[in-house]
1. Mind running the shape call on the stretch 265-335? Use the C-alpha gyration tensor, a ≥ b ≥ c as the square roots of the eigenvalues: rounded below 1.5 for a/c, prolate if a/b tops b/c, oblate otherwise.
2. Per residue and in cubic angstrom, what volume does the convex hull of the Cα atoms of the stretch 334-539 have?
3. Based on other C-beta atoms within 10 Å, arrange 151, 402 from fewest to most.
4. In whole Å, what three semi-axes, largest first, describe the equivalent ellipsoid of the stretch 290-330 built from its Cα gyration tensor (square root of 5 times each eigenvalue)?
5. Expected output is a single nm value to one decimal: the length gained when fully extending between residue 160 and residue 637, i.e. 0.36 nm times separation in residues minus the C-alpha distance. What is it?
6. Pulled fully out, how much extra length does the chain show between residue 548 and residue 422, if you take 0.36 nm times their separation in residues and subtract their Cα-Cα distance?
7. Over the Cα atoms of the stretch 452-494, what is the Rg over Rh ratio if Rh follows Kirkwood?
8. First measure r as the distance between the Cβ atoms of residue 651 and residue 183, then evaluate 1/(1 + (r/R0)^6) with R0 = 56 Å and state the FRET efficiency to the nearest 0.05.
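No value in this document is a laboratory result; all are computed from the given coordinates. All values reported here derive from a predicted model rather than from experimental measurement. Note: ideal-geometry Cβ built from the backbone for every residue, glycine included; neighbour counts use all protein chains shown.
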Amino acid sequence: MSITFLNPLLLLGLTAGLLPVLIHRLTQRKALQRKFSAVRLLLQSQRITAKPQRLKHLLLLALRIMAVLGLVFMMARPVLTRSGPAGFGEGGAKVIILDNSLSMGFREEGGERYTLAKKAAKGALRGFEGQVAIIPTVPIPGRQANPLEIRWLKAGEALRALEGIPLSFGRGDPALALSLAYQRLRDLKTSKQILILSDLVRGDWEGLDLNKRGPVSEAEVLFLRLGGKGRDPNFCIKEVRLIEGEAVMGTPARLEVVESNRSGKSGTTLTRLYLSGIKVDQKSFELKAGEEGKVYFELFFDKPGWIEAEVRLSGDRLPGDDIFYFALKVREKIKVLIVDGDPRTSLKMSESYYLSQALRPGGLEGSPFLIRVITEPEMASIDLHPYQALFLLNAAKPYSSRLASFLESGKPVFLFLGDRISPEDYNSFTLLPGRIGVLRNPDQKPERIAQLDRSHEALQALSRGTESLKNASFHRYYKIEGGIKNLLTLGNRDPLLVEAQRGRSRLFLFASSADLDWNDLALKAAYLPLIQGLLKEALGLTENSLPAGLRVGEAFKDPVRPLQIKGPPGGPGIYRFSLPSGEVRRGINPNYEESDLTKITEEELRKKFGAAAVKVIEYQEGALEDLRTEKKELWPFLLGFLLIILALEMVLANGRFWASEKTK
């Protein structure tokens with residue numbers, strides 16, 4: 001324990017304590033000598049009265065000196081300094097757990113919380129004579145694989161190590177950090193302490209439970225909480241997806257942005273969309289407290305290729321989650337070849353008419369497909385390489401070698417049967433999903449679709465409203481035997497549509513015709529989403545066709561090292577993956593849970609630590625710059641002392657007046 005002064009230069013004023021002495025000496029009256037007969041009696045009287053007066057003057061002088069000294073000491077502002085709650089002025093082993101998760105990037109009036117936490121840690125290390133270890137809650141890549149990699153450092157080394165720990169964009173793992181701390185402290189025979197600098201956001205701490213771990217009982221746990229107990233306001237982006245259309249050149253699409261107000265009060269934010277670094281649109285959006293909302297942007301792509309895209313929110317106090325990155329691969333129109341095995345003079349009577357309308361319902365500009373219809377004789381000589389999908393409608397033979405080569409290249413094939421096919425030729429095609437059996441011609445009433453494969457992605461939307469599909473009538477169809485996977489099944493359990501995976505591609509076999517000769521499926525509302533859904537899924541061109549994104553901290557699924565091409569280094573952004581199948585770009589964004597700044601309570605925190613001694617103190621600007629000591633200013637006590645001295649001086653100085661009053 002020691003005393004320091006905030007204004008030590010004012011202690012020079014202690015010399016003013018000589019002023020009362022000088023004044024006392026200068027103002028002292030000299031006795032006048034007068035001749036008087038009764039000298040003996042006067043001398044005796046002087047001896048009797050002089051002693052009390054001399055004592056009174058000495059007391060007054062002492063009180064006045066103490067008053068001057070007390071005033072000087074009070075102006076110098078003495079501070080009582082003693083070992084504080086962190087005890088970093090002592091030796092021993094200390095572990096500093098530094099919360100470097102995304103939420104610590106929240107900006108207060110005094111600065112960024114992570115900066116304030118580092119400042120407090122530096123103050124705690126000043127003058128520390130023991131050994132210290134520093135552990136971040138978000139591990140630095142390549143470090144902290146095991147507790148042996150957590151080194152004991154001197155204060156100077158620890159300060160340098162502290163500077164090398166960056167604020168991350170990930171979610172904190174305090175359970176791992178505490179586990180490492182306890183393992184390092186376990187066998188030490190010295191004083192032990194764990195200092196945790198954190199904002200105590202619930203998303204990081206609610207999964208912690210040390211009751212079963214049995215922590216080091218003699219290690220004191222001290223929390224320095226930054227940001228207070230209340231929930232901090234914050235907006236973030238939860239998800240971005242294409243809900244209408246596809247990323248295909250020359251076609252419109254609609255982008256949906258799901259935003260979340262992770263605050264305790266309503267607020268308004270400005271949402272801006274950037275494509276390849278250029279702002280293309282912005283919309284203002286208001287959300288109530290704790291609600292989610294959706295913002296929509298209309299897109300139109302005029303050229304193929306990869307687009308690095310961002311959705312940005314107007315700035316708030318946590319800028320780390322205000323940008324959502326995603327990548328779009330804009331494709332050229334999908335070239336689809338349709339082989340019409342039974343063309344007619346009337347366009348509507350042809351096998352390909354309704355299929356062509358389903359693939360291009362809005363004309364060339366509104367469809368992602370660029371179709372070409374040929375007759376069966378042209379099939380033998382046409383170059384199939386430019387086409388991404390092939391439909392064979394009621395063709396007499398399957399052109400086995402050409403179809404096999406097409407499938408090997410990873411492109412889907414759709415086979416529709418009819419009255420012109422040769423079952424023997426088709427059954428000789430070894431890649432066929434099933435064997436074509438007898439022609440079924442129901443005598444009484446037509447068959448209808450009874451079952452859909454609801455696990456199939458393309459049929460999930462149809463499974464929610466199947467009335468249109470189930471109302472289709474099938475007068476004729478071939479019985480398919482041994483089908484590998486039935487997507488559509490008739491009421492008599494005969495397969496109507498079967499699928500088989502052939503290498504990197506798929507082969508679909510439809511048991512009936514593509515026109516209206518054998519069924520009326522093409523007239524139903526479900527026909528278009530059925531055909532387009534199957535084709536888009538087979539091509540990897542489904543709704544929300546954005547490449548799968550990741551959150552910071554998630555492991556890459558692909559066994560390659562990606563190259564970051566956008567965003568802060570090592571953080572959120574857009575990454576390029578060079579895969580055997582080609583280049584893929586994916587967006588990586590902050591963890592969604594880290595954007596919720598709700599705090600865990602002290603009671604919950606203490607329960608998670610079980611029997612361990614836990615103390616939580618609040619960070620205030622400048623109050624805990626040095627956690628080693630507690631400081632208490634003494635000027636209020638000096639002020640009280642000065643008032644008492646002045647009161648006594650007044651009483652003693654006016655004592656003769658009171659005495660004369662009593663005599664009267």
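1. Working: a/c = 2.84, a/b = 2.18, b/c = 1.30.
Note, shape of the stretch 265-335 comes out prolate.
2. Working: hull volume 23.7 nm³, N = 206.
Hull volume normalised by residue count: 115 Å³.
3. Values: 151 13, 402 16.
Listed from fewest to most nearby Cβ atoms, that is 151, 402.
4. Working: eigenvalues 130, 37, 12 Å².
Each semi-axis is the square root of five times an eigenvalue, giving 25, 14, 8 Å.
5. Values: separation 477, 0.36 × 477 = 171.72 nm, distance 4.15 nm.
Extending this stretch completely gives an extra 167.6 nm.
6. Details: separation 126, 0.36 × 126 = 45.36 nm, distance 4.34 nm.
Result: 41.0 nm gained on full extension.
7. On the way: Rg = 11.3 Å, Rh = 11.7 Å.
For the stretch 452-494, the value is 0.97.
8. Working: r = 68 Å, r/R0 = 1.22.
The computed FRET efficiency comes out at 0.25.
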